[in-house]
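Read through the structure below, which is laid out as structure tokens, and then see the notes.
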Amino acid sequence: MRDIAVVATAQSPAIRKEERRNEVEILMPVVHDLRKRAGLKQEDIGFTVSGSCDYLQGQAFAFVTALDAIGPWPPIDESHVEMDGAWALYEAWTRLQYGDIDTALVYSFGKSSPGDIRRILSLQLDPYYLVPLWPDTVAMAALQARALLESDGVTEKDLAEVVSRSRKNAKDNPNAQLSGDVDVDTLLKEPMYLSPLRKHDCPPITDGAAAVILAADDRARELTDRPAWIRGIDHRIEPHSLGVRNLADSPSTRTAGEKAGVGNGNVDVAELHAPFSHQEIILKRALGLGDNVNVNPSGGALASNGVMVAGLQRIIEAADRIMAGQADRAVAHATSGPALQQNLVAVLEGEK
Amino acid sequence: MEYTYTRSVGPVIDRFFSGLADRKIQGIKGSDGKVIVPPTEYDPYTGETLSEFVDVADAGTVTTWAWVTDPRPGQPLQKPFAWALVQLDGADTAMLHAVDAGDESRMSTGMRVKVHWCDEPVADLAAIEYFEPEAS
Amino acid sequence: MAEHAEGTIIERPIRLDYEYTAGLAQSRFLKGIAEGKIIGEKCPVCGKVYVGSRGSCPTDGVPTEGEIEVPAKGTLTTFCVVNVQFAGQSVETPYASGYILCDGADIALMGLVQEVPIEEVRMGLRVEAVWADELGPTLNSIKYWKPSGEPDADYETFRHHL
């Protein structure tokens, strides 16, 4: 296996509703910024892969128009996943293992604002038994939240603490959408939104883009002083139907975390893709992260949640802290599907 | 944007939907012998092909729930209701549907609910309009 | 196979509503159309002029620049004749639909070609826009394209724009 590292990252500020720029115009400055940071031109990059969802735009094969932001001429080696950008990064990591190229560009973009995002995400569900009911993302997360709250010792106060910390941490994140000082008691006085969830337990609606450059072995060392080495990466999935799963737990995250080697050393920072407050608690347990771990120093998905972007952003936020020398070992997690159905875990390390 | 997709249901879902038209709910036995409702063609954990149908009750227990104050278009009820996972008597898994409880205070995990059937017999999920609290 | 042949079919209607943002460049183009002008934008790298730019040069991946008005006149580079009626069609068949390369532009606009017998529609035909009575920020503002009466364009002048 080759050693692969994140060597450069870029992301757009999270915006509730970008009414001026289209997807290409949002993505283009991010990719330009990224290549400039890495000191690479598109022709220097061996493989380009994106993660996005055509349903967000309501246009079949909308992802191909996003290539207008990249400059794909002469024809580039390119791929796309209809998944969060974290899974595009997984494909790039796999592609780099072939050994014939040394660099890859991964990007993801999404405007969650043009359509009704909760309704759009209902269409990821089983069309026979679920779609006719139009259960939405918040409803399914709320079912999971209650399963957790009634399983063991977790209280609404614990959920509010996650939100309070997320908003506070996001004050240091210039790209975050929601940030500030809110105390737990104030949050608990808020009315229920979709009980047992309050509005602040749910993620904001976000438009944005993010991108990463991966490089292998010595190429990574050439491109940056302190690459964020991907020491392990794995993703796992559970059955689709909520009714056959134990929603208070995330066995797929646990397995992915074990395969990625989360427990093989001290974890300084964990960026967990938990769009709903209670999911952070489930994920933290599944990954065996103790209270000494700095969880979601960026504010996480509760601070900005670009659909298809927020998972890749967790890898970016973890890698940025390694590259800046603020952390030596970090865990990044991304999720997909209803109520944490599918989960990806990566372990990143700085050079010793 | 609007499309009407026509989907073939396959033998397992077809049998389940046909049963609903007769107000009958059928599950299917999974690899471990547990009864899965609604039935799937394959075991959700092992992927084994399943074929042994089992009749289950049209009443059961709420395993988790969430209260909706603002129903969204297309959802089963257009007044405040609960989403719930309901484990029907005789089943080992839960199915997602709506419970017409009138008020959040009437909802609790472990409560008993039963199907409110559609007046017209329909061989589709729509035969189950919603669930309602079982008369105590 | 027999059981598949008699399989049950169910209907699952899906409806989604979107509010689109045209984007900066496309908004400039559509505002131009509403004033009866065709506005192109130039790639600072390759110099190509795009009409209806989505904001970037699709070859170089850089923002297109400037507002370059091109005339509502050009060359029919390629076309097809539609003989089949389909849902949502507003024109009587048969009709010709083609790519019109406005003079000075490097990408063609799609449009109807009318006021000419179908059998006389040809590659290289010089055409001009017939604007709708009421203009708006939509390509429907160009009702169709009609022959301008100029001699046909030489194939060499548009062979790279097919």
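The values are calculated or read from the model by the stated rules, or taken from the named source; none is laboratory data. All figures in this text were calculated on a predicted structure; none of them were measured in a lab. Cβ placement follows ideal geometry from the backbone for every residue including glycine, while neighbour counts extend to all protein chains displayed.
Residue-level analysis places B:Val68 outside the set of residues that are modelled with pLDDT under 95, surrounded by 16 or more Cβ atoms within 10 Å (Cβ to Cβ) and under 23 Å from C:Ile14 (Cα atoms). Which of the residues that make up segment A:3-30 are farther than 17 Å from A:Gly85 by Cβ, more than 11 Å from chain C (Cβ to nearest Cβ) and in contact with an Asp or Glu (Cβ under 6 Å, 6 or more places away or on another chain)? Selection gives A:Asp3, A:Ile15. Given the condition in contact (Cβ under 8 Å) with a residue 40 or more places away in the chain, within 14 Å of C:Val51 (Cβ to Cβ) and of a type in the set (Lys, Arg), answer yes or no: does some residue in segment C:73-90 qualify? Checked against the condition, which is being in contact (Cβ under 8 Å) with a residue 40 or more places away in the chain, within 14 Å of C:Val51 (Cβ to Cβ) and of a type in the set (Lys, Arg), segment C:73-90 yields at least one hit. Condition check for A:Met323 on (1) more than 17 Å from the chain's Cα centre (by Cα); (2) within 30 Å of B:Pro38 (Cα to Cα): one failure, at (2). Given the conditions (1) of a type in the set (Val, Ile, Thr); (2) within 30 Å of B:Leu77 (Cβ to Cβ); (3) not assigned by TED's automatic domain parsing to the domain that holds A:His278, report the number of the one that A:Thr137 does not fulfil. Of (1) of a type in the set (Val, Ile, Thr); (2) within 30 Å of B:Leu77 (Cβ to Cβ); (3) not assigned by TED's automatic domain parsing to the domain that holds A:His278, only one is false for A:Thr137: (3).
For first residues located in segment B:79-92 and on the phi > 0 side of the Ramachandran plot, partners that are in a loop (DSSP other than H, G, I, E, B) and lie 6+ apart or on another chain with Cβ distances below 7 Å form the pairs B:Gly90/B:Ala57. The strands (runs of 3 or more DSSP E) found wholly in segment B:1-59 and carrying at least 1 residues that are among the aromatic types (Phe, Trp, Tyr) and either within 11 Å of chain A (Cβ to nearest Cβ) or touching a Lys or Arg at 6+ places or on another chain (Cβ under 8 Å) (or both) occupy B:2-8, B:53-56. In segment A:32-51, the residues that are over 17 Å from A:Ala5 (Cα atoms) and touching a residue at least 12 places away in the same chain (Cβ under 8 Å) reach residues that are polar (S, T, N, Q) and not in a loop (DSSP other than H, G, I, E, B) with C-beta atoms within less than 7 angstrom, at least six apart or across chains, in these pairs: A:Ser50/A:Ser108; A:Gly51/A:Ser108. C:Gly66 - would you say it is away from chain A (no Cβ under 12 Å), surrounded by fewer than 18 Cβ atoms within 10 Å (Cβ to Cβ) and touching a Ser or Thr at 6+ places or on another chain (Cβ under 6 Å)? For C:Gly66, the condition - away from chain A (no Cβ under 12 Å), surrounded by fewer than 18 Cβ atoms within 10 Å (Cβ to Cβ) and touching a Ser or Thr at 6+ places or on another chain (Cβ under 6 Å) - is not met. Scanning segment A:180-202 for residues that are in contact with a strand residue (DSSP E or B) (Cβ under 7 Å, 6 or more places away or on another chain) and of a type in the set (S, T, N, Q) turns up just one, A:Ser195.
Taking segment A:178-196 as the range and being closer than 22 Å to A:Ala248 by Cβ and either in a strand (DSSP E or B) or touching a residue at least 40 places away in the same chain (Cβ under 8 Å) (or both) as the test, the residues that pass are A:Met192, A:Tyr193, A:Leu194, A:Ser195, A:Pro196. Among the residues making up segment B:76-101, those that are assigned to a strand (DSSP E or B) and either more than 12 Å from the chain's Cα centre (by Cα) or farther than 16 Å from A:Leu143 by Cβ (or both) are B:Phe81, B:Ala82, B:Leu88. If C:Val51 satisfies all but one of (1) away from chain A (no Cβ under 14 Å); (2) in contact (Cβ under 8 Å) with a residue 40 or more places away in the chain; (3) surrounded by fewer than 16 Cβ atoms within 10 Å (Cβ to Cβ), what's the number of the condition it fails? Single failed check for C:Val51: (3).
Of the helices (runs of 4 or more DSSP H) lying entirely inside segment A:51-134, those carrying at least 2 residues that are within 16 Å of the chain's Cα centre (by Cα) and either away from every other protein chain (no Cβ under 14 Å) or not hydrophobic (A, V, I, L, M, F, W, C) (or both) are A:85-97. Here is the figure for segment A:113-129: residues that are of a type outside the set (Gly, Ala, Ser) and free of Cβ contacts under 8 Å to residues at least 60 places away in the same chain total 6.
A quick yes/no check of all residues on (1) within 27 Å of A:Ala256 (Cβ to Cβ); (2) surrounded by fewer than 20 Cβ atoms within 10 Å (Cβ to Cβ); (3) among the charged types (D, E, K, R):
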| position | (1), (2), (3) |
| --- | --- |
| A:Asp68 | no, no, yes |
| A:Pro72 | no, yes, no |
| A:Leu105 | yes, no, no |
| A:Thr137 | yes, no, no |
| A:Ala145 | yes, no, no |
| A:Leu148 | yes, no, no |
| A:Ala160 | no, no, no |
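Counting the residues of segment C:52-96 that are touching a Cys at 6+ places or on another chain (Cβ under 6 Å) and in a strand (DSSP E or B) gives 2.
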